[in-house]
Amino acid sequence: MNSKAADPEAQGGGGDGDDLRVGLLKSNGDGNKLVIDEMLRRHAGEMGRWQMRHFLLTTLAWSLEAFHTMVMIFADREPAWRCSGLGFCPPDPCGLGPGDWGWIDGSGVSTVAEWGLVCGEKYKVGLVQSAFFLGCMIGAGLFGHLSDSFLGHKGSLTAVCILNTIFGLLTSMSPNYWVYFILRLLTGFSTGGVGLCAFVLATEPIGPSKRAIAGMSTFYFFSGGIALLSGTAYIFKSWRTLYIATSLPSLLFLFAIIPFISESPRWYLVRRRINDAMSVMRAIAQTNGKHIPDGVTLILDDDNDDDVCDEKLEPSNQTQAISGSLVDVIRSPITRNRLFLSIAINFLTSVVYYGLSLNVVNLKTNLYLSVFLNAVSEMPAFLLTALLLNWLGRKPLCASTMFLSGVSCVIGSLLSNSGTMKVPRLVCGLIGIFGMAATYNLLFIYTSELFPTVVRSAALGGASQAAQMGAILAPMVVVLGDTIPFVVFGFCGVLGGLLAFLLPETMNKPLYDTIGGLVEGEKSEE
């Protein structure tokens, strides 16, 4: 999400900062031509009032994603039930007749109660959950491509908010299970693009020395959304009204927030819309109390002075946008290896994170309080990752958090789930989700830094699709019993940590707009 170079000293490095900035300033007889990161650093400001306001507005979308994703915990829960006039009540109603038991709070509290998704029909609850994540996987890939191409990041975020509002409200009116199933699939499709578009849109206008910390902060909004959802679900006990309550915020975001969000200047630049990119940069500078000198303009990192596209040139030159897709990522050996490793690591992380999170409905505690505490408990992991990000580096931090989670799960698999061992086993699970929450947070930053602007959203979309595949698999692992899930989660964590060592370090490294710029930059570092 960056142009050519980060500021090594500001990111915790130093010494070789001048080497990294060689070639950043290009000039001809008419004035200076800078890549975006250098213009932010020198003239517009890396993290001023403009970026703070834009970041806060854009990352509110993560709360919307939390609403649409985690609402299933409450809408699809199995509520309390009781026997009708029997002296002895079995642990489940499967052996009882239709008139021998009933739901304590009525059938409207959840889809399970309304459509009888218990006993032989219980698999349908997991089926809907997997369908939602399948939709997320498809949507992440599609909207990742659309945001990089003609629709843009802001256009894609607008589209997913519209779709989420429509599908969410329609879900509240589902007449039967299969209509509900299809609408949850469609909601997942639109939800898959929310966090992706919001992340890129929020972090691309931020300067290199502040971008990593800002990117790490986006996940507080997701966890905050989950915490807010628990309170919303406590107020709206009916699953139908809960879907209405969690869908209307997307409509509010569409009209109250999106008009005040700007398209990324980097997207304008790779589309060869120099005037639009410069308008955003001037707005950033003006709001931040700075000034871009006359004659200074933007340039892509692999442009030559003679090839710089200017919107004063012929119209044919104005439309020569640079775009990319996953096909372009796979064609280049450098980006291909990074993509495959990122996909594998994101997949393994998601299996463990969602697998450990899904056990919340099985805890014999207050569901609303449990979800709230689960969300709050992730926040220290985000803070720890942010503090260590520019000290340990991306690769060591990614590997260590995955190892921490994996080893904790392996130890948990060796402990009994009864007696005095229940507490140590619970602690192992908490450490496991703590480590994976930190990894999940880090991966958005790390993955985005591994790829140039022209294919960044496409690569993030591919990694997000892999994460959704892990989310689809996680419920299937959870039902395997007490010990096997811990073994699987431990294996995934350790394997992911080993794969992380195969990725390059990106801290204090130049970032690029194009694949060509990345290839040339890697050659110059050898």
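HN-Hα J couplings of the range 266-273 from phi, Karplus 6.51/-1.76/1.60, θ = phi - 60°, integer Hz, Gly and Pro as x?
The phi angles translate into 5, 5, 4, 5, 6, 8, 6, 9 Hz.
For the range 46-165, state the semi-axes of the equivalent ellipsoid (square roots of 5 times the eigenvalues of the alpha-carbon gyration tensor), sorted largest first and rounded to whole angstrom. Don't skip to the end; give the middle numbers.
Working: eigenvalues 393, 55, 19 Å².
Equivalent-ellipsoid dimensions as semi-axes: 44, 17, 10 Å.
Roughly speaking, to the nearest percent, how much of the range 430-486's 1.4 Å accessible area is carbon and sulfur? Show your work: numbers first, answer last.
Values: 1060 of 1400 Å².
Result for the range 430-486: 76 percent of the exposed heavy-atom area is carbon or sulfur.
Counting only protein heavy atoms, what percent of the accessible surface of the range 182-296 is carbon or sulfur at a 1.4 Å probe?
On the way: 2530 of 3880 Å².
On the range 182-296, the fraction of accessible area on carbon and sulfur atoms equals 65 percent.
Amide H of Leu298: which non-local residues (sequence gap of 5 or more, or other chain) have their own amide H closer than 5 Å, using H built in the peptide plane?
Leu34
Which values, in whole Å and largest first, are the semi-axes of the equivalent ellipsoid of the range 156-313 obtained as the square root of 5 times each eigenvalue of the Cα gyration tensor? If you can, show how the numbers build up before the last one.
Details: eigenvalues 322, 63, 34 Å².
One finds semi-axes of 40, 18, 13 Å for the range 156-313.
Starting from the exponent 0.38 and prefactor 2.2 Å, build the expected Rg for the range 204-291 from its residue count and divide its actual Cα Rg by it. Display every interim value, and only then the final one.
On the way: Rg = 18.3 Å, N = 88, 2.2 N^0.38 = 12.1 Å.
So the range 204-291 has a normalised radius of gyration of 1.52.
On average, how much accessible surface per residue is there in the range 129-203, in Å², for a 1.4 Å probe, leaving out ligands, DNA and RNA?
Numbers: 2060 Å² over 75 residues.
Per-residue value: 27 Å².
Using amide H atoms built 1.01 Å from N in the peptide plane, name the residues 5+ places from Trp101, or on other chains, whose amide H lies under 5 Å from its own.
Here Ser84 satisfy the definition.
If you project the alpha carbons of the range 454-499 onto the principal axes, what extent comes out on each, in Å, largest first?
The Cα atoms of the range 454-499 stretch 45, 23, 6 Å along their principal axes.
Quick one: Debye curve from the C-alpha atoms of the range 331-477, no solvent, what's log10 I(q)/I(0) at q = 0.09, 0.14, 0.16 Å⁻¹?
One equal scatterer on each Cα of the range 331-477 leads to -0.31, -0.71, -0.90.
With a 1.4 Å probe and every protein chain left in place, work out the accessible area per residue of the range 382-526 in Å², rounded to a whole number. Mind showing how you got there, number by number?
Working: 5480 Å² over 145 residues.
With all protein chains present, the range 382-526 gives 38 Å² per residue.
Quick one: 3J(HN,Hα) in Hz for the range 335-342, Karplus 6.51/-1.76/1.60 with θ = phi - 60°, rounded, Gly and Pro as x.
Once rounded to whole Hz, the list reads 6, 4, 4, 5, 5, 4, 5, 4.
In sequence order, what are the phi-derived ³J(HN,Hα) couplings for the range 130-147 according to the Karplus relation 6.51 cos²θ - 1.76 cosθ + 1.60 with θ = phi - 60°, rounded to whole Hz, with x for glycine and proline?
5, 5, 4, 5, 5, x, 4, 4, 5, x, 4, x, 5, 6, x, 6, 5, 6
Around Trp81, which amide H atoms from residues at least 5 apart in sequence, or from another chain, sit under 5 Å from its own amide H, with H modelled in the peptide plane?
Those lying under 5 Å, H to H, from Trp81 are Ile104.
How large is log10 of I(q)/I(0) for the range 190-232 at q = 0.19 Å⁻¹ when the intensity is taken from the Debye formula with one equal scatterer per alpha-carbon?
-0.65
What are the principal axis extents of the Cα atoms in the range 129-220, in Å, biggest first?
52, 30, 19
The values are calculated or read from the model by the stated rules, or taken from the named source; none is laboratory data. For clarity, every value in this text was computed on a predicted model and none was experimentally measured. The area values use the complete protein model at the heavy-atom level, side chains included, leaving out ligands, DNA and RNA. Shrake-Rupley method; radii C 1.70, N 1.55, O 1.52, S 1.80 Å.
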